[in-house]
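Peer 1: This is the structure I have questions about; it appears just below.
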Amino acid sequence: MINKKSEQLRTLMRLLAFFYFNRSRALLFVFGLFFVAVSAHAETKIHALTKVIEGHSTGGVTVDALGNIYVADFGEIVWKITPEGKRDIFASGLYGASGNAIDHEGNLLQSNFYGDSITKIDRKGQAQPFATIGLSGPVGIAINKQTGDVFVANCRGNSISKIAKDGTVSSFAKSDLFNCPNGISFDREGNLYVVNYRDNKMLKIDSQGAVALFTTVSAKGLGHLCFNQKDRFYVTASQSHEIYEVMLDGTARRILGNGERGIVDGADTKARLSFPNGIVSHPWAQRLYINEFVNETPSSLPRRAIVREIILGADQP
């Protein structure tokens with residue numbers, strides 16, 4: 001009798017152990033699936049927002065508070081593109097439409113690289129001159145939200161200009177570190193940052209105009225940069241066909257591309273980019289918008305451009 005009960009007890013223990021082991025394995029399997037799903041969701045991905053735009057190059061990209069995207073073609077045109085991808089001509093008659101920014105009234109400030117000037121375009125597309133002297137190859141534009149002052153990166157002049165509300169231009173910063181300063185942006189605290197088109201340096205400029213090296217990004221020339229609501233910069237590495245994320249401590253990491261030129265949608269190193277230039281962060285969503293020059297070299301003809309959307313990974317706090 002005792003032996004029979006002992007055998008029954010051993011059988012019960014084996015069944016319990018089997019159930020427990022398999023339940024643990026099942027739970028591990030479920031957790032594994034969950035982890036894979038979360039990891040997949042967390043990937044930063046890129047996809048086309050427009051078709052290839054024939055006969056145009058790439059300038060700056062900015063966005064208004066409604067989420068509409070403004071894309072300059074480094075020629076005569078700025079497009080207005082809805083978040084859904086509908087594209088219309090917003091302004092024309094420009095001269096080397098390059099960097100741009102939206103002011104607090106919703107006006108577009110647009111650089112004319114070849115015209116050494118800035119044009120102000122209201123929400124209806126009506127344009128008027130804003131700054132016409134004191135600039136030299138203006139590209140990136142950044143607006144101080146506290147004062148309304150406008151700061152412009154002068155590529156040819158290797159300098160940063162400051163423009164008052166009335167359009168008066170003054171010199172703000174000059175440095176041997178500038179090498180065609182291109183993109184320009186403020187952080188949340190009002191510090192100014194610039195990236196060089198002809199090398200891989202990202203520079204920080206204090207309120208007095210003193211310039212210092214902040215970090216290096218990629219291995220080749222940079223395009224534009226933007227700052228998002230999560231306190232980090234995003235930089236187009238134009239000459240190496242990549243997108244980088246830069247933290248406030250200067251740490252830089254590549255988030256898209258692997259250095260090979262191409263137009264391939266997808267995630268991280270599987271994606272291919274082609275001379276990405278303008279970049280802007282969506283005002284409230286974890287998205288970026290860029291424009292790219294599709295051709296094999298920066299001087300290839302006929303010119304071809306494309307606008308793409310980047311969905312930032314959910315793992316980015």
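Peer 1: Short version: ³J(HN,Hα) in whole Hz for each residue of region 60-68, in order, from phi by Karplus 6.51 cos²θ - 1.76 cosθ + 1.60 (θ = phi - 60°), x for Gly and Pro, what are they?
Peer 2: Calculated HN-Hα couplings, in order: x, 9, 9, 9, 9, 5, 8, x, 6 Hz.
Peer 1: Nothing charged except the Cβ atoms of Lys and Arg (+1) and of Asp and Glu (-1): what's the magnitude of the dipole of region 147-188 about its Cα centre? Round to the nearest 20 debye. Walk me through the intermediate numbers first.
Peer 2: Values: 5 positive and 4 negative charges, 8 e Å.
Charge dipole of region 147-188: 40 debye, to the nearest 20.
Peer 1: With a bin width of 20 angstrom, please list the P(r) values of the chain as percents of all Cα-Cα pairs, from the 0 bin to the one holding the largest distance.
Peer 2: P(r) over the chain, rounded to whole percents: 33, 48, 9, 7, 3, 0.
Peer 1: Explain nothing, just the number: dipole magnitude of the chain about its Cα centre with +1 on each Lys and Arg Cβ and -1 on each Asp and Glu Cβ, in debye rounded to the nearest 20.
Peer 2: Working: 35 positive and 30 negative charges, 287 e Å.
My answer is approximately 1380 debye.
Peer 1: Would you mind working out the magnitude of the charge dipole of region 181-317 relative to its Cα centre, with +1 at each Lys and Arg C-beta and -1 at each Asp and Glu C-beta, to the nearest 20 Debye? Walk me through the numbers on the way to the answer.
Peer 2: On the way: 16 positive and 15 negative charges, 63 e Å.
Roughly 300 debye, rounded to the nearest 20.
Peer 1: If you don't mind, another one. Hey, which of these cross-link pairs are over 20 Å Cα-Cα: Lys145/Lys204; Lys51/Lys120; Lys45/Lys230; Lys120/Lys174; Lys120/Lys162? All intermediate terms of the calculation are to be shown ahead of the outcome.
Peer 2: Values: Lys145/Lys204 18 Å; Lys51/Lys120 28 Å; Lys45/Lys230 18 Å; Lys120/Lys174 25 Å; Lys120/Lys162 16 Å.
Check vs 20 Å cut-off fails for Lys51/Lys120; Lys120/Lys174.
Peer 1: With θ taken as phi - 60° and the coefficients 6.51, -1.76 and 1.60, list the Karplus ³J(HN,Hα) couplings across region 160-172 in order, rounded to whole Hz; mark glycine and proline as x.
Peer 2: 10, 9, 10, 10, 6, 4, 8, x, 6, 9, 9, 6, 10
Peer 1: Measuring with a 1.4 Å probe in the full set of protein chains, what accessible area per residue, in whole Å², belongs to the chain? Mind showing how you got there, number by number?
Peer 2: Numbers: 15630 Å² over 317 residues.
For the chain, the per-residue accessible area is 49 Å².
Peer 1: Calculate, axis by axis, the spread of Cα positions in region 147-231 along the three principal axes, and write the results as whole Å, longest axis first.
Peer 2: Here the Cα extents, ordered largest to smallest, are 39, 32, 19 Å.
Peer 1: Also, quick follow-up: So what is Rg over Rh here for region 86-163, counting just Cα atoms and using Kirkwood for Rh?
Peer 2: Working: Rg = 11.9 Å, Rh = 12.5 Å.
Reported Rg/Rh, Kirkwood definition of Rh: 0.96.
Peer 1: Output the peptides 92-104, 124-136, 149-161 sorted from most to least packed, where packing is the average of other Cβ atoms within 10 Å over each peptide's residues.
Peer 2: Details: 92-104: 20.8, 124-136: 15.0, 149-161: 22.4.
In descending order of packing, they fall as 149-161, 92-104, 124-136.
Peer 1: In addition: Angle, helix 2-42 long axis vs. longest principal axis of the chain, Cα atoms, 0 to 90°, nearest 10?
Peer 2: 10
Peer 1: Continuing with this model, one more query. On alpha carbon coordinates alone, what is the Rg over Rh value for region 229-277, Rh being the Kirkwood radius?
Peer 2: Working: Rg = 10.9 Å, Rh = 10.9 Å.
Radius of gyration over Kirkwood radius for region 229-277 works out to 1.00.
Peer 1: GNM, the chain, Cα, under 10 Å: largest mean-square fluctuation among Ser111, Ser170, Ser300?
Peer 2: Ser300
The values are calculated or read from the model by the stated rules, or taken from the named source; none is laboratory data. All of these numbers come straight from a predicted model, not from anything done at the bench. Counting neighbours? That spans all protein chains shown, and the Cβs are built from the backbone with ideal geometry, glycine included. Keep in mind that these areas ignore ligands, DNA and RNA; they rest on the heavy atoms of the full protein, side chains included. Shrake-Rupley method; radii C 1.70, N 1.55, O 1.52, S 1.80 Å.
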